[in-house]
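Enquirer: Below you'll find the structure I mean.
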Amino acid sequence: MKSVTIENKLLKVEVFLLGAEVRSVKNLKNNNEYMWNGDPSIWAGVSPILFPVVGRTANGYISFNQKNYPLNNHGFARQSLFNVSKHSLDSVTLKINTYSLEKDIFPFNLDFSVTYTLKDNVLITTFRVINHDAQTAYFSVGAHPAFKCPFDESHQLNDYQIEFAANQRLTLHTLNKNGLFSGSSQVNIDRIDITENTFDNDALIYSNYEQSWAKLSEKKTGKYIKMSFDNFPWFGIWSKPGARYICLEPWCGHADSIDFNQEIQYKSGIIELTPSNSWEQYYSIEFGY
């Protein structure tokens, strides 16, 4: 078995066990596919899960207690084979344990689970981490879903926009050529008009928002995909220039800064979890066409 499905009267979702990755979300009324097709000649991902780091690590590793652990872009969850923990018609939970993976891949003994649940036209993704270690654990979690855009063959990228909850003063984070945080600025923004050049300088990454939802919408028709991400402090928007997808990415954590020393407990935005405790967070995607 390489994938599992969940569905309700409106949506059908296919999730690969490799990476616990959503590879398809279909509208059962009109057979519309919402997700990017994962064309490997452009970008093979569709909805990778980011754990136990988000973004790039300086020099490709993190350190803990004077030992180095190789962790490349977005961590190892997206290359890990998950087990099905629970499965019903409209919900599935997939899980890995960090100590059951490759030896010495990560310094902490954590259960990491991803639950997908359908409610009407909304897909809810819940992340849960349990610390089985005798020490405080440090990690980050994020999501990277890529939605088909344009929504159909009759539209172009400049027919679309990203709408924010309100006109907000946000922090815009800058990435250097190696994908590391290199600076930030303050911007007042309520929407982004998508063009072929929007992502020429890599992802747009925001923080310090007052209301945490964003909507990818078709300007003239009002068709939309809306993401709500309370308690995810960073939000990324990304596509490869010229590609036919837009990623909306809620993050609890972010790429290393250019001056970071690799010690994971001092990493900006890191989540701390004490022994025998758990951490949980969720976001939702509403499909509006």
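The values are calculated or read from the model by the stated rules, or taken from the named source; none is laboratory data. Computed from a prediction, not measured in an experiment: that's the story for all the values here. With ideal geometry, Cβ positions are generated from the backbone for all residues, glycine too; neighbour counts draw on all protein chains shown. For accessibility, only protein heavy atoms count, side chains too; no ligands or nucleic acids. Shrake-Rupley method; radii C 1.70, N 1.55, O 1.52, S 1.80 Å.
Enquirer: Check off (1) at positive phi; (2) open to solvent by less than 10 Å² (accessible area, probe 1.4 Å); (3) not aliphatic (A, V, I, L, M) for Q262 and give me the number that stays unchecked.
Expert: (2)
Enquirer: Mind checking which residues of region 42-76 are small (G, A, S) and surrounded by fewer than 24 Cβ atoms within 10 Å (Cβ to Cβ)?
Expert: So the first thing to find is which residues in region 42-76 are small (G, A, S), and the list is 44-45, 47, 55, 58, 60, 63, 75.
Once the filter is applied, which keeps residues that are small (G, A, S) and surrounded by fewer than 24 Cβ atoms within 10 Å (Cβ to Cβ), region 42-76 yields A44, G45, A58, G60, S63.
Enquirer: Quick check on region 173-215: of everything there that is of a type in the set (A, V, I, L, M), in a loop (DSSP other than H, G, I, E, B) and modelled with pLDDT under 95, which residue is farthest from I246 (Cα to Cα)? Break it down stepwise before answering.
Expert: Residues of region 173-215 of a type in the set (A, V, I, L, M): 175, 180, 187, 189, 192, 194, 203-205, 214.
Right, trim to in a loop (DSSP other than H, G, I, E, B) and you get 180, 194, 203.
If we keep only those that are modelled with pLDDT under 95 as well, we get 180, 203.
Values: L180: 21, A203: 10 Å.
Here the residue is L180.
Enquirer: So, of the residues in region 229-259 that are more than 23 Å from Q281 (Cβ to Cβ) and assigned to a loop (DSSP other than H, G, I, E, B), which turns out to be most open to solvent (accessible area, probe 1.4 Å)?
Expert: In this case the residue turns out to be D259.
Enquirer: Another one. Taking strands (runs of 3 or more DSSP E) that do not extend beyond region 90-131, which have at least 3 residues that are among the polar types (S, T, N, Q) and under 19 Å from V22 (Cβ atoms)? Outline the logic, then answer.
Expert: Working: elements: 91-97, 110-119, 122-131.
The strands (runs of 3 or more DSSP E) meeting that bar are 110-119.
Enquirer: Out of region 191-223, which residues are of a type in the set (D, E, K, R) and closer than 17 Å to L170 by Cα?
Expert: Matches in region 191-223: R191, D193, E210, K215.
Enquirer: Out of region 11-41, which residues are hydrophobic (A, V, I, L, M, F, W, C) and either in contact with a His (Cβ under 9 Å, 6 or more places away or on another chain) or open to solvent by 60 Å² or more (accessible area, probe 1.4 Å) (or both)? It would help to see each step written out before you state the result.
Expert: Going through region 11-41, the residues hydrophobic (A, V, I, L, M, F, W, C) turn out to be 11, 13, 15-18, 20, 22, 25, 28, 35-36.
If the condition is that a residue be hydrophobic (A, V, I, L, M, F, W, C) and either in contact with a His (Cβ under 9 Å, 6 or more places away or on another chain) or open to solvent by 60 Å² or more (accessible area, probe 1.4 Å) (or both), then L18, L28 are the ones that fit.
Enquirer: Hey, among G253, G288, G269, which residue is in contact with a Cys (Cβ under 8 Å, 6 or more places away or on another chain) and in contact (Cβ under 8 Å) with a residue 24 or more places away in the chain?
Expert: Numbers: G253 fails: in contact with a Cys (Cβ under 8 Å, 6 or more places away or on another chain); G288 fails: in contact with a Cys (Cβ under 8 Å, 6 or more places away or on another chain).
Going through G253, G288, G269 in turn, just one is in contact with a Cys (Cβ under 8 Å, 6 or more places away or on another chain) and in contact (Cβ under 8 Å) with a residue 24 or more places away in the chain: G269.
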